[in-house]
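Reading through the C-alpha cells given below for one structure.
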Amino acid sequence: MVREGQRVTADFSGASRGPGISLTKGQAISLEKQGGGTLTAVRMGLGWQAAPRRGLFGTRTREIDLDASAVLFADKQPVDVVFFRHLVSDDGSVRHTGDNLVGGVGQGGDDEAILVDLARVPVHIDQIVFTVNSFTGQTFQEVQNAFCRLVDETNGQELARYTLDGGGQYTAQIMAKVHRDGAGWKMTALGTAANGRTFQDLMPAILPGL
C-alpha cells in the first residue's frame, strides 16, 4: 500500500511512451485528453489477488473481498455514495459495475470499476473520493498484485495507475479523489491507510483529505 514518503506511479499512455510519471502522495494531476481537451467520462478500476499463505499442509490462498466505493461531496459534505449496495448515484452520473467477491485479476484488467460521467456530475458536487475496503475484515497483508487505475472511458486510454503493495495491518485505503479545477477536473492520489469494513467507517479518514 502507499505509505507516507512512498511514491505513486502514474503510467500515462500517449504519444510519448517514456517512463511513468511518479506522483508523491497528495500530488494532483490534471485530467485532460491526449492532444488537449477536457475528459468527459472516466473509469476508476480496481484489481487484486489473494496472497498465498503457507500452512501446515502447503501453500493456500483465501478469497479476499475488496469493495470499491465512490463518495460524492458538496462543499465537504457527503451527499451520495456509490458502492455494491447502491450501484448508481441518485443523479445517474456515477455507476458501479458490480461487486466482485474474490478478486483474481491482479495486474490485468479490473475486478471492480466505477464509471464517472464527468459531464453529468451536478454542479454542486465538487469532489468524488474513491475508497477500497476489505468487507470480510482481512488486512492488506493478505492482498497482492493490487492496483487502482484511471481510464478515459471514451477511448480506453489508461491515464494513471498506481500499485498497492507492502501490505499493512489495516483494512481500507482512501485511494484518490477527482475534484473540480476551474472548468475541468483534477485527480489527487491520497493513499491514506484506514480501518473499516464499509465506507461509513472510513468517513473520519476521508474528511481530512478534502
*Would you check which residues across region 175-185 are basic (Lys, Arg) and either within 14 Å of the chain's Cα centre (by Cα) or open to solvent by less than 10 Å² (accessible area, probe 1.4 Å) (or both) and list them?*
LYS177
*asked:* Here are the criteria: (1) of a type outside the set (Lys, Arg); (2) open to solvent by less than 10 Å² (accessible area, probe 1.4 Å); (3) under 27 Å from ALA41 (Cβ atoms); (4) more than 16 Å from the chain's Cα centre (by Cα). Tell me which single one THR131 does not satisfy.
replied: (4)
*May I ask you to list the residues in region 107-132 that are touching a Gly at 6+ places or on another chain (Cβ under 6 Å) and at pLDDT below 90?*
ASP110, ASP111
*Please work out which residue is surrounded by the fewest Cβ atoms within 10 Å (Cβ to Cβ), limiting yourself to region 43-70 and to residues that are at pLDDT 70 or above and among the acidic types (Asp, Glu).*
ASP65
_Of residues in region 195-210 being under 23 Å from ILE29 (Cβ atoms) and among the small types (Gly, Ala, Ser), the one surrounded by the fewest Cβ atoms within 10 Å (Cβ to Cβ)_ = GLY209
*In this structure, is ASP99 under 14 Å from the mean Cα position of the chain (by Cα), modelled with pLDDT under 90 and open to solvent by 10 Å² or more (accessible area, probe 1.4 Å)?*
no
*Picking from LEU87, LEU39, which residue would you name as being hydrophobic (A, V, I, L, M, F, W, C), buried (at least 17 other Cβ atoms within 10 Å of the Cβ) and at pLDDT 75 or above?*
LEU39
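The values are calculated or read from the model by the stated rules, or taken from the named source; none is laboratory data. Keep in mind that this is a model prediction, so the values were computed, not measured. Reconstructed Cβ throughout: ideal geometry from the backbone, glycine too, with neighbour counts over all protein chains shown. Just so you know, the surface numbers come from the protein's heavy atoms only, side chains and all, with ligands and any DNA or RNA stripped out. Shrake-Rupley method; radii C 1.70, N 1.55, O 1.52, S 1.80 Å.
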